[in-house]
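Below: the structure, in structure tokens.
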Amino acid sequence: MYDRLLVPTDGSGPANAALELASRIASPTATIHVLFVSEDDRDVSPSDALDRTAEEILADARKTATADVETVVTEEQRGDPRDRILEYIESAEIELVVMGAHGRREAGPVVLGRVTEGVVRNALVPVLVVRASDDIQSRYPFDRVLVPTDGSEHARIALERGVEIAVETGATLHLLSVVNVTRYGTDSETGALVDHLEENAKDALDAAAERASVDGIDVRTAVTVGSVHREIAAYAETEDIDLLLMGTHGRSDLERELLGSVTERVLRTAPAPVLTVRARQGDGP
């Protein structure tokens, strides 16, 4: 799947969950890089609450990862975690970042969660977000993969990766389109418009399913109506999805607003890991 993976860690439960999944999805000959970043403006690191040093955390991470992969590289850096992670992705030619984020039952914002969202927004490589919580599952090989799609270029990129993963793992590929009714009223004209949008969404899904099924994949399609991120999370829970793939919209101000309104909300509420992918600059249809 990927040969060079990066797992940023602070020794927390979510970071450990990310490392465990990264170890399972990596090939035996892959290299897993484990990066610990302590912040410049703090006298103590986030791990001090756990009474563990960075050296101890990295040693434990190495022990965990070496059970599944051939090469593990550990490194400690100091600075802004998001900046150091993004720099490391480029310098080490990382192909996939696997990051932990806190689960739905965690109270309050945390540094690693904010860093995760920053990396998702800015990384040029796919980012797999794994959360540790009683109501969040993390299984591999994947049996059921979900790709929400709106017909955009970013959704097309996510669909392509979803097809690749389904071929690799034998997973069933679920394609979901959500008709967002939160922007409309409730009069009869609105009802007719929603019906029209549902038909358009179904046609687009059928076309996507036909392309995917060429590879012999078992494809399921669904169209739902409602708030986009809530419908995605609800579908993932109902269908017992193992992995969600989301296309992200890059780094412009407008695109960040779109990312914040859908993908980042899914990252906070999905009952399974979320893999975010986006086209590199210059990539075409």
Name the single residue, out of those in the range 115-148 being closer than 25 Å to ALA204 by Cα and out of contact with any Leu (no Cβ under 6 Å at 6 or more places or on another chain), that is most open to solvent (accessible area, probe 1.4 Å).
ASP143
So for the range 95-111 (the condition being modelled with pLDDT of 85 or more, surrounded by fewer than 19 Cβ atoms within 10 Å (Cβ to Cβ) and farther than 21 Å from VAL262 by Cβ), does at least one residue qualify?
yes
In the range 57-76, the residues that are open to solvent by 50 Å² or more (accessible area, probe 1.4 Å) and more than 14 Å from ALA22 (Cα to Cα)
ALA59, ASP60, GLU75, GLU76
Can you find a residue in the range 265-272 that is charged (D, E, K, R), surrounded by 22 or more Cβ atoms within 10 Å (Cβ to Cβ), modelled with pLDDT under 90 and under 16 Å from the mean Cα position of the chain (by Cα)?
no
What tally of residues in the range 150-191 results from selecting those that are open to solvent by less than 60 Å² (accessible area, probe 1.4 Å), out of contact with any strand residue (DSSP E or B) (no Cβ under 6 Å at 6 or more places or on another chain) and modelled with pLDDT under 75?
3
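The values are calculated or read from the model by the stated rules, or taken from the named source; none is laboratory data. Owing to the predicted nature of the structure, the values given are computational and were not obtained by experimental measurement. We place every Cβ from the backbone using ideal geometry, glycine too, and count neighbours over all the protein chains shown. Ligands, DNA and RNA are stripped out before the accessible areas are found, and what is left, the full protein with its side chains, is counted by its heavy atoms. Shrake-Rupley method; radii C 1.70, N 1.55, O 1.52, S 1.80 Å.
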